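The values are calculated or read from the model by the stated rules, or taken from the named source; none is laboratory data. These figures come from a predicted structure and were not determined experimentally. Cβ sites come from the backbone with ideal geometry, for glycine too, and all protein chains shown count toward neighbours. Note: accessible area is taken over every heavy atom of the protein model, side chains too, but ligands, DNA and RNA are not part of it. Shrake-Rupley method; radii C 1.70, N 1.55, O 1.52, S 1.80 Å.
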Amino acid sequence: MGRKLFGTDGVRGRANSHPMTAEMALAIGAAAGRYFRRDKDGVHRVVIGKDTRLSGYMFENALTAGLTSTGMSVLLLGPVPTPAVGLLTPSMRADLGIMISASHNPSQDNGIKFFGPDGFKLSDEAEAEIEAMVASGVDVAPADEIGRARRIDDGRFRYQERVKSTLPQGLSLDRMKVVVDCANGAAYRAAPEVLWELGATVIPVGVSPNGKNINHDCGSTKPRIAAETVVAHGADVGICLDGDADRVMIIDETGTVADGDQIMALMAARWAEEQRLRDGVLVATVMSNLGLERFLDARGLRLERTAVGDRYVVEAMRRGGWNLGGEQSGHIVMTDYATTGDGLMAGLQFLAAMVKSGKSASELARNFEPVPQMLKNVRFAADRAPLEAASVQQAIAAAEADLKGNGRLLIRKSGTEPLIRVMAESEDEGLLDRVVNDVVASVEAVI
């Protein structure tokens with residue numbers, strides 16, 4: 001069957017609208033519980049974390065009801081970063097981990113992300129099976145085999161200790177002034193505490209969640225306030241997380257923002273010098289800038305590209321045995337330390353580079369000159385398929401022909417929002433502007 005519920009990162013949508021309703025969460029919980037129990041004997045556990053969205057309470061309860069109805073016992077972590085769920089699922093010997101979050105999306109949205117017993121996100125095949133079970137329904141457990149639910153009060157602290165352990169032994173952040181923007185999201189307590197405990201003077205931003213302000217004018221997708229705070233306080237660096245803290249942007253002392261490509265360039269080069277970068281390979285998606293690829297080539301390193309989505313990056317890393325990857329959007333995956341993107345861990349790696357080198361953030365955050373890149377998003381109604389229109393396909397073909405030998409074009413449907421993303425790169429900025437706007441106009445004409 002075709003995938004209708006799952007996108008590139010679990011199930012996501014506007015709260016109280018299909019598919020993100022309490023009824024659907026109940027059904028998804030029951031299906032996931034039955035999928036992972038498979039009528040095996042013994043105790044079966046699931047770990048559930050969430051970010052700070054108001055709707056998180058509703059989905060936490062609905063998922064718990066569905067899961068316990070099939071005999072799964074539920075361990076509730078409360079608000080924790082997404083990577084904490086990836087970490088705690090295997091350490092607590094759980095069969096399944098669930099994160100309730102819509103990541104960088106506005107507060108009205110929410111989502112359900114799944115992690116397997118190894119702490120890694122589920123494969124497309126596993127998600128398809130769960131989706132089929134949602135459609136067909138599942139058998140519930142007998143009354144005397146219904147699962148239990150229990151709050152775990154120290155999940156955040158367990159995660160924080162793991163994060164701190166990734167900073168090299170003997171290294172401290174003494175005398176560093178760090179702005180950390182937590183997007184009023186899942187890391188609003190964890191990130192400032194970790195940085196302070198490692199010695200930094202911490203200036204927190206976005207640490208007053210009220211259920212409705214997650215990602216609102218803050219966080220990795222809107223770093224303006226954090227950048228202004230860095231400059232106003234004379235901070236050495238800013239760490240800008242998104243709502244579930246699996247993404248990061250770095251802000252240098254001048255207020256300039258460095259994206260995931262620049263962070264990955266720094267880490268790949270330094271890890272290669274330290275003989276830590278396995279096979280000299282960095283894994284990134286098709287969205288990463290051509291400048292990153294040229295930077296790596298010049299150092300005898302290789303960029304392995306994947307489809308968009310951090311779990312596709314992780315799948316490629318696991319197949320190839322590689323240990324560093326990520327996305328331009330700020331997912332940085334270090335499988336030596338974590339099973340998914342971790343914005344706080346990546347931020348600590350950047351701070352470690354500053355301490356070891358004695359260089360400023362601005363010296364470390366601009367590793368290559370990006371090839372001019374333009375990205376435009378076109379929102380469309382859920383019942384439309386604009387990329388199938390002949391006029392749109394003709395516009396795409398014409399743009400590809402114009403860019404041949406002068407750049408590249410990437411058109412894709414977002415897996416997390418009803419958007420068509422039109423991205424192109426070219427050193428001819430006039431050509432870049434024209435081809436992107438021509439394709440965008442063709443999409444807008446059919447929606």
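Need one number: % antiparallel among DSSP beta bridges in the chain, to the nearest 5.
Expressed as a percentage, antiparallel bridges in the chain total about 55.
Hey, what do the phi angles of the range 310-316 turn into as Karplus ³J(HN,Hα) couplings, whole Hz, using 6.51/-1.76/1.60 and θ = phi - 60°, x for Gly and Pro?
Along the range 310-316, the couplings run 5, 6, 6, 4, 5, 4, 5 Hz.
Which far-off residues, 5 or more places away or on another chain, put their amide H under 5 Å from the one on Glu304, with H placed in the peptide plane?
Leu282, Val283, Ala284
In whole Hz and in residue order, list the ³J(HN,Hα) couplings for the range 255-267 that follow from phi through the Karplus curve 6.51 cos²θ - 1.76 cosθ + 1.60, θ = phi - 60°; x for Gly and Pro.
x, 7, 8, 10, 8, x, 4, 5, 5, 5, 4, 4, 5
For the range 132-141, in order, what is each residue's ³J(HN,Hα) by Karplus, 6.51 cos²θ - 1.76 cosθ + 1.60 with θ = phi - 60°, in whole Hz (x at glycine and Pro)?
5, 6, 4, 5, 8, x, 10, 7, 8, 7
Between the range 193-226 and the range 313-328, what is the separation of their alpha carbon centroids in Å?
Going from one Cα centre to the other spans 28 Å.
On average, how much accessible surface per residue is there in the chain, in Å², for a 1.4 Å probe, leaving out ligands, DNA and RNA?
Ligands and nucleic acids excluded, the figure is 40 Å² per residue.
If exposed GluC sites (Glu not before Pro) are those in a DSSP loop with at most 12 other Cβ within 10 Å, what is the longest stretch of the chain that has none?
1-273
Counting other Cβ atoms within 10 Å, which trypsin sites (Lys or Arg not before Pro) in the range 357-447 have at most 10 and lie in a DSSP loop?
The qualifying sites are Lys404.
Out of the range 43-118, which trypsin sites (Lys or Arg not before Pro) are coil in DSSP terms and have no more than 15 other C-beta atoms within 10 Å?
The qualifying sites are Arg93.
Accessible area of Ser172, 1.4 Å probe, to the nearest 10 Å²?
Approximately 50 Å² of Ser172 is accessible to the 1.4 Å probe.
Take the solvent-accessible surface of the protein heavy atoms, probe 1.4 Å, and return the percent of it on the chain that carbon and sulfur atoms account for.
C and S fraction of accessible area: 48 percent.
Need one number: % antiparallel among DSSP beta bridges in the range 198-343, to the nearest 5.
The antiparallel fraction comes to roughly 60 percent.
At a Cα cut-off below 23 Å, give the lysines reachable from Lys413, other chains included and same-chain residues fewer than 8 away excluded.
Cross-link targets: Lys4, Lys113, Lys121, Lys222, Lys376, Lys404.
Tell me, how many Å apart are the Cα centres for the range 402-434 and for the range 89-118?
What the calculation gives is 31 Å, centre to centre.
Hey, rough spin-label estimate for Ser360 and Asp336, points 7 angstrom out along Cα→Cβ, what's it come to in nanometres?
2.9 nm
Using a Gaussian network for the chain with springs between C-alpha atoms less than 10 Å apart, which of these wobbles most: Pro142, Pro418, Pro386?
Highest fluctuation of the listed residues: Pro142.
Considering only protein heavy atoms, with the full assembly of protein chains and a 1.4 angstrom probe, order Val248, Val286 by accessible area, largest first.
Output order, biggest surface exposure first: Val286, Val248.
Give me the percent relative contact order of the chain, please, defined on Cα pairs under 8 angstrom at least 6 residues apart.
13 percent
Taking a probe of 1.4 angstrom, what is the accessible area of Asp279 in Å², to the nearest 10?
Its heavy atoms expose roughly 120 Å² to the probe.
What are the residues whose amide H is under 5 Å from the amide H of Val180, where those residues sit 5 or more places off or on another chain and H is modelled from the backbone?
Ile203, Val205, Ile239
Tell me which residues come under 5 Å, amide H to amide H, from Gly199 once H is placed; ignore anything under 5 positions away on its chain.
Leu173
Quickly estimate the mean residue ellipticity at 222 nm for the chain, helices only: each DSSP H run with n ≥ 4 gives -39500 (n - 2.57), and the total goes over all residues, rounded to 500.
Result for the chain, helices only: -11500 deg cm²/dmol.
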